[in-house]
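Notes for the one structure printed next.
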Amino acid sequence: MISQRLSSRLLLIGAVLVIAGVLAVTVSPKAITSAQGSDADWQTIAEQRGLTEADLRAAVMTYTPSGVMDEYVMFASAGQGGQVLAIGLPSMRLLRLIAVFAPEPWQGYGYGTGNEVLEQGFIDGQEILWGDTHHPALSETNGEYDGQWLFIGDKANGRVAVIDLRDFETKQIVHNPAFLNDHGGTFVTPNTEYIVEGGQYGLPLGGDYAPIEEYQNAYSGMITFWKFDREAGRIDYSQSFAMELPPYWQDLCDAGKGVSEGWVFCNSFNAEMATGGIEKGNPPFEAGVSRGAVDYLHIINLKAAEAVFQAGGAVDVRGFSVIPLETVIENNLLYLAPEPRSPHGADVTPRGDFISVGGKLDPHVSVYSFHKIQDAVAAGPTEKDVFGVPVLALESVLEAQVELGLGPLHTVYDDQGYAYTSLFLDSAVARWSIGAEGYRPQDGWQLISKIPVQYNVGHLAAAEGDTMSPDGRFLVALNKWSVDRFLSTGPLLPQNLQLIDVTRPGDQMQILYDMPITGAEPHYAQIIKADKLKAWEVYPEVGWNPITQSVDPNAVIQGTEGVTRDGKNVTVRMTAVRSHMTPEHIEIEEGDHVTWTITNVERARDATHGFAIPFYNINLSIEPGETITFEFEAKRPGVFSFYCTEFCSALHLEMMGYMMVQPK
Ligand code: CUK
Ligand code: CUA
């Protein structure tokens, strides 16, 4: 009962800190004057610009001369923009935007290419043309990033996308029809057998209707295990399954590795099963959800769940295989362990032996030992939650609690035995030592140092950070607010990604670079060694279809271009090469159904042609070797000048033609 009072006080303190934090960061902008005098040497310029020694160190740590490649590529989510960003490190140069859940004109995605991929993501026939991307996951082999695939979830609609890193394009979108949101995804198992997609807000199964008053009995939580078929480069829907969970709000998940391979861990934050409704006199969500003293770490035996699924233990929910909660409990697929109230993040250490959970409203990070979890499971848990799920006693599974500061969220790891936790309310990153064998037993479990970041940091990303052998060296703080860091762009400001040098031990972390992200909020990112990526320079053969990753039987060969008619169906077969499209005159009639294929027959690197038809909403990017087919109804008569949208050559402006639609 003491904890009840303490809880409300902590909440109050939390609220005050949130407000204070916001006020404290309003500092007047400072500008650096540019260097005077064209013949000044670098020391003089540095002096004139007022750069300190630390500034110069940061500059030489990050400056990457023209033509020199970055060492790492960071794949960052772009939040509610529904995209992924590829960013080079340490230069923090933006390399590529990857369209995933939302149409994107530069890539032609949704404007003639990629339409079928976007359509896979429609739910019950409803067009959904955006997504809220949170956690990208690189494919792994033996617990190391292998540079082949990237996965990302859409929190809003509960979908997962597959991106092929040979061409950095989205190939597939899947949706578990048993649930309508997600959050704890995507994360992969150490050999990418499964892509894990944890749910978030409790819902009736199948997204059906049930009164909120029946929350405890009629609502569920969910975790989906998408089976990845590497050969096909696709998620295998029929071999994928989900597990029904109690309607606690499962939050962040991570896959076990090393000693914990075959297990999955998710923190959660509504063990209270609060249902909100402040307008009906109920506690509002943010109070109701934080009322109790503890939430639950979910410890899931994926190997055993897979066996239950394969033995027919799942039921069909809207065409998807779901293991019901009773079966989950009967087969001991799920254990719970108490977590300090309203935690955030569940991050498995490189060897898979510990799981760090951030306190959010508690200044500690709590570290759970997988060995202790195994012992507690073997000993047989004595407690159960209201659904009958076994609860492991906190003392029996907790290895350490390290006090870090205010608002600990997410933790990443380096190669020196340090862990780094983002402190949302402190706007800082805490470095702490993992006091266990194989990490830093000499230091014990303790806070080493903190570095301020600007501002309100969410996730951190570490170089090769989610592998079994992180690189250390660089850390990126993905901050929610930038406030005074950049020139003002009006009331909507960019987020700020800050590159942090973690090469030096102890308290010598340094901010090296601020990168404004325009687009949307990058929740999480993964950083891979650039030499692991083996992206194609051009498509392997002329006539390539990037969806099937093979030569399209419909590809247009030079010399065979033309327009043919079969009743109202018109087929256009076209090639594109610097600096013309063949044919140049397309004569059709109002009411025709047009199927149009274009092959870019170029073999030169970067010789991409665009293709746009006014009015008809067609806008393509046809990369060297690529074949694209699109269709439309010629409903408006007139003359339409189609043209190449990429300035591909000196005669690019001439790379055009006329589509003439005769009225009926
Ligand atoms: S969440 Cu955004 S800061 Cu979706 Cu991983 Cu924690
Ligand atoms: Cu092709 Cu411009």
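Nothing in this text is a laboratory measurement; each read-out follows from the coordinates by a stated rule. Predicted, not measured: the structure shown is a model, and the values here were computed from it. Neighbour counts run over all protein chains shown; Cβ positions are idealised from the backbone, glycine included.
With neighbour counts taken as other beta-carbon atoms within 10 Å, the residues ASP208, ASP154 rank, fewest first, as ASP208, ASP154. Taking the inverse of the mean 1/r over every pair of distinct Cα atoms in the chain gives a Kirkwood hydrodynamic radius of 26.9 Å. A simple packing score, the average count of other Cβ atoms within 10 Å per residue, orders the peptides 396-404, 171-179 as 171-179, 396-404, with the highest score first. Report, in listed order, any pair from LYS257/LYS372; LYS171/LYS227; LYS171/LYS257 with a Cα-Cα distance greater than 22 Å. Result: LYS171/LYS257 exceed 22 Å. Listed by chain and number, the aspartates and glutamates whose C-alpha is less than 15 Å from the C-alpha of LYS360, apart from same-chain residues fewer than 8 away, are ASP251, GLU286, ASP295, GLU339, ASP347, GLU403, ASP426.
Cross-link reach is defined here as a Cα-Cα straight distance under 17 Å, omitting same-chain residues fewer than 8 places apart; for LYS635 the aspartates and glutamates meeting it are GLU587, GLU589, GLU590, ASP592. Determine the calculated [θ] at 222 nm for the chain from helices alone, applying -39500 (n - 2.57) to every DSSP H run no shorter than 4 residues and normalising by the residue count; nearest 500 deg cm²/dmol. Taken over the chain, the calculation gives -3500 deg cm²/dmol.
Within the shell of other residues whose beta carbon sits under 10 angstrom from the beta carbon of VAL317, the net charge comes to -2, with Lys and Arg scored +1 and Asp and Glu -1.
Each residue in CYS644, CYS266 was given a count of other beta-carbon atoms within 10 angstrom of its own, and listing them fewest first yields CYS644, CYS266. Look at LYS664, LYS532, LYS635 and count the other Cβ atoms within 10 Å of each Cβ; fewest to most, that gives LYS664, LYS635, LYS532.
Binning all Cα-Cα separations of region 77-212 at 5 Å, short to long from zero, yields these whole-percent fractions: 2, 11, 19, 22, 20, 14, 7, 3, 1, 0, 0.
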